[in-house]
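Below you'll find the structure, written out as structure tokens, and then a few comments.
The values are calculated or read from the model by the stated rules, or taken from the named source; none is laboratory data. For clarity, every value in this text was computed on a predicted model and none was experimentally measured. A quick note on method: Cβ atoms are made from the backbone with ideal geometry, for glycine too, and the neighbour counts reach across all protein chains shown. Note: areas computed on protein heavy atoms with side chains; ligands, DNA, RNA excluded. Shrake-Rupley method; radii C 1.70, N 1.55, O 1.52, S 1.80 Å.
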Amino acid sequence: MKPRILLVNPPIYDFAAFDFWLKPYGMLSIAGKLRGRADFALFDYLDRLAPFSARQKSLAPDRWGRGRFYFEKIQNPESLASIPRYFRRFGLPRDMFTDFLAKEKPFDFALVQTTMTYWYPGVREVTEDIRRLQPKAKIILGGNYVTLCSSHAKELEANLLVEGTNLESLWQYLKITPDLMQPALWEIYDKLKVGVLKLTDGCPFNCTYCSVPKVYSKFRPRPLECSLAEFELLRRLGVENIAFYDDALLFEPDVVLIPFLETVVKQQSKINLHSPNALNARFITSKLAELMVRSGFKTFYLGFESASPRWQKQTGSKVFSEELAQAVDKLTAAGASPDNITAYQILGHPSIYIQELEASMQFVHSLGIRGMLADFSPIPCTPDGEYCRKWVNLDEPLMHNKTAFPIIMLGFDESNRLKDLQRQLNRSL
Ligand code: B12
Ligand code: SF4
């Protein structure tokens, strides 16, 4: 008999959360490799097309499939008590999960997605419920929180923690041989409008605030035929928007990205493509910009962080200001709408001075595109994260919270003033 596997994407405990094309892609990819070799059930707390959420007008999607989550206000956890913002639990109500668990036949395994390190309270809630109502299910956690905070994750007492990207321990524990060429298990959703793809793993840069270089060791394209098969599956399922989760989507584009997009163009697909996880402006050539627009890219998020040459060099030189300006020219010349081009700038990083950040915001504005302040999250095991131990206890992952850290660094009023300034600049475009 095939093992029964429960897949869970936990609720989010945070000050803010928005469905910016969020999908539990790591977990779905693993389940895909076990397609046909196990019986699956999915409970995705963050599925906005689940009947409970789909009925609520305030949660309706925007034109690119993004939107708000259902939430309940809750008390701030003790370590974040001094942050003057409401704390919330985002996602379907807890009793929907407990009813589901109580009704279902016993599961053999439960795979639980973990994402931001500071979202672990949602993971804890899920593991507690599974243990109580499905005591036979062996709980397996994997993803970013487990990888970056493995000792903390041990406290959740799961049966197996899958740290990093090597899945050998998982296959041995499940006693199933995977088919590594299979796409993610997207068909598990009753309704699906947004999908995710990742054409590559890792990144060739070494930014001092980022965990990717350590976790993935080196940049590696995924097999083109697998990505095309996954795109085809998403297309068949009626997906309208696809977000790329790559860290360096534009690096070595001749290997996968260009042939992938050329195939998409040939198929005359109507799917909108998005890059929420930041593109590197340095690699946007006129040819690539033109192909991206033709293949359906609608929104372009560029990782800029700061216009300060001092800061750019100190943190890894991933991109310089003139490269951002050139990328914007090339994208707009190719037909991208400036309204849909956004440059991320980091807020609350310990070595950016306020004046430099304001100058960066003005620089981005002068290019005629939108700016978005990306709150800094101090990540353990990164040089910049470790430096933040001066201000916060990094061993408590709640202190990596991206809303909290800029407030701790800059103060509530200053942090709000900069966010207001960013809003004003965007409004005046
Ligand atoms: C996509 C992405 C996003 C998306 C949303 C992702 C989501 N679903 O929530 C967007 C663009 C919205 C985003 C936003 C942010 N992000 Co982000 N993001 C990522 C990214 C690229 C992938 C995360 C992911 O989904 N991984 C899962 C899959 C896609 O990865 P994978 O390699 O295939 O996974 C392998 C293993 O991990 C394992 N695995 C993965 N999942 C599972 C599950 C199970 C059950 C098992 C067994 C195994 C397993 O198996 C896979 C096989 O190889 C990571 C970097 C990275 N490469 O991981 C950063 C990352 C998670 N983000 C990060 C940061 C800093 C942010 C922001 C704070 C940036 C900002 N200032 O705005 C925001 C925070 C958003 C918020 N609301 O709080 C940090 C983590 C911070 C933290 N403290 O946890 C990361 C690690 C990048 C970094 N800078 O180091 N992000
Ligand atoms: S370029 Fe992006 S993904 Fe790569 S190391 Fe820098 S921040 Fe991380």
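Are any of the residues in region 1-14 assigned to a loop (DSSP other than H, G, I, E, B), aliphatic (A, V, I, L, M) and modelled with pLDDT of 95 or more? No, that holds for no residue.
Yes/no matrix, rows are residues, columns are (1) within 21 Å of the chain's Cα centre (by Cα); (2) more than 25 Å from Leu273 (Cβ to Cβ); (3) not basic (Lys, Arg):
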position: Met361; (1), (2), (3): no, yes, yes
position: Met372; (1), (2), (3): yes, no, yes
position: Pro383; (1), (2), (3): no, yes, yes
position: Thr403; (1), (2), (3): yes, yes, yes
position: Arg427; (1), (2), (3): no, yes, no
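Kindly indicate whether any position in region 335-351 is under 30 Å from Trp391 (Cα atoms), away from ligand 1 (no atom under 13 Å from the Cβ) and either at pLDDT 95 or above or open to solvent by less than 30 Å² (accessible area, probe 1.4 Å) (or both). Yes, the conditions are met somewhere in region 335-351.
Among the listed residues Ala229, Ala248, which satisfies the condition of being touching a residue at least 12 places away in the same chain (Cβ under 8 Å), touching a Gly at 6+ places or on another chain (Cβ under 8 Å) and within 26 Å of Asn166 (Cβ to Cβ)?
Just one listed residue meets the conditions, Ala248.
Beta carbons closer than 6 Å, at least 6 apart along the sequence or on distinct chains, pair a first residue in region 394-405 that is of a type outside the set (Ser, Thr, Tyr) with a second that is within 10 Å of ligand 1 (Cβ to nearest atom) and in a loop (DSSP other than H, G, I, E, B) for Leu394/Pro380; Pro397/Cys149; His400/Ser377; His400/Pro378; Lys402/Ser377; Phe405/Gly348; Phe405/Phe376; Phe405/Pro378.
Within region 363-379, no residue that is free of Cβ contacts under 8 Å to residues at least 24 places away in the same chain sits with its Cβ atom under 7 Å from a residue that is more than 8 Å from ligand 1 (Cβ to nearest atom) at 6+ positions apart or across chains.
The set of residues in region 116-148 that are farther than 27 Å from Lys175 by Cβ and either of a type in the set (Asp, Glu) or under 17 Å from the mean Cα position of the chain (by Cα) (or both) comprises Met116, Thr117, Tyr118, Trp119, Tyr120, Gly122, Glu125, Leu148. Exactly one residue out of Tyr216, Tyr209 is more than 17 Å from Trp21 (Cα to Cα), within 16 Å of ligand 2 (Cβ to nearest atom) and touching a His at 6+ places or on another chain (Cβ under 8 Å), and it is Tyr209.
Any idea which of Leu80, Leu92 is of a type outside the set (Gly, Ala, Ser), crowded, with 20+ Cβ neighbours inside 10 Å and more than 30 Å from Ile242 (Cβ to Cβ)?
None of the other options fit; the residue is Leu80.
Selection of first residues in region 36-49 that are within 10 Å of Leu92 (Cβ to Cβ) and of second residues that are surrounded by fewer than 19 Cβ atoms within 10 Å (Cβ to Cβ) and aromatic (Phe, Trp, Tyr), restricted to Cβ pairs under 7 Å at least 6 apart or on distinct chains, gives the following pairs, ordered by first then second residue: Phe43/Phe100.
Here Asn241 meets the list (1) touching a residue at least 60 places away in the same chain (Cβ under 8 Å); (2) buried (at least 18 other Cβ atoms within 10 Å of the Cβ); (3) away from ligand 1 (no atom under 15 Å from the Cβ) almost entirely, failing just condition (3). Considered as a group, the residues in region 55-93 that are assigned to a strand (DSSP E or B) and in contact (Cβ under 8 Å) with a residue 60 or more places away in the chain include one that is nearest to Ser415 (Cα to Cα), and that residue is Phe87. Note on region 1-50: among residues that are of a type in the set (Ser, Thr, Tyr) and closer than 18 Å to Leu180 by Cα, the one that is nearest to ligand 2 (Cβ to nearest atom) is Tyr25.
Among the residues making up region 215-228, those that are exposed (fewer than 15 other Cβ atoms within 10 Å of the Cβ) and at pLDDT 95 or above are Arg220, Pro223, Glu225. Being within 19 Å of the chain's Cα centre (by Cα), assigned to a strand (DSSP E or B) and closer than 30 Å to Ile354 by Cα holds for only one residue in Tyr209, Tyr301, and it is Tyr301.
Please enumerate the residues belonging to region 373-402 that are more than 25 Å from Lys154 (Cβ to Cβ), in a loop (DSSP other than H, G, I, E, B) and either open to solvent by 10 Å² or more (accessible area, probe 1.4 Å) or of a type in the set (A, V, I, L, M) (or both). Trp391 - this is the single residue of region 373-402 that is more than 25 Å from Lys154 (Cβ to Cβ), in a loop (DSSP other than H, G, I, E, B) and either open to solvent by 10 Å² or more (accessible area, probe 1.4 Å) or of a type in the set (A, V, I, L, M) (or both). Can you confirm whether region 285-298 contains a residue that is touching a residue at least 40 places away in the same chain (Cβ under 8 Å), of a type in the set (S, T, N, Q), open to solvent by 20 Å² or more (accessible area, probe 1.4 Å) and in a loop (DSSP other than H, G, I, E, B)? Among the residues of region 285-298, at least one is touching a residue at least 40 places away in the same chain (Cβ under 8 Å), of a type in the set (S, T, N, Q), open to solvent by 20 Å² or more (accessible area, probe 1.4 Å) and in a loop (DSSP other than H, G, I, E, B), which makes the answer yes.
Does Ile139 count as under 28 Å from Val239 (Cα atoms) and more than 16 Å from ligand 2 (Cβ to nearest atom)? So Ile139 fails the test.
Considering region 304-320 alone, what residues qualify as being under 25 Å from the mean Cα position of the chain (by Cα) and not acidic (Asp, Glu)? Those that are under 25 Å from the mean Cα position of the chain (by Cα) and not acidic (Asp, Glu): Phe304, Ser306, Ala307, Trp311, Gln312, Thr315, Gly316, Ser317, Lys318, Val319, Phe320.
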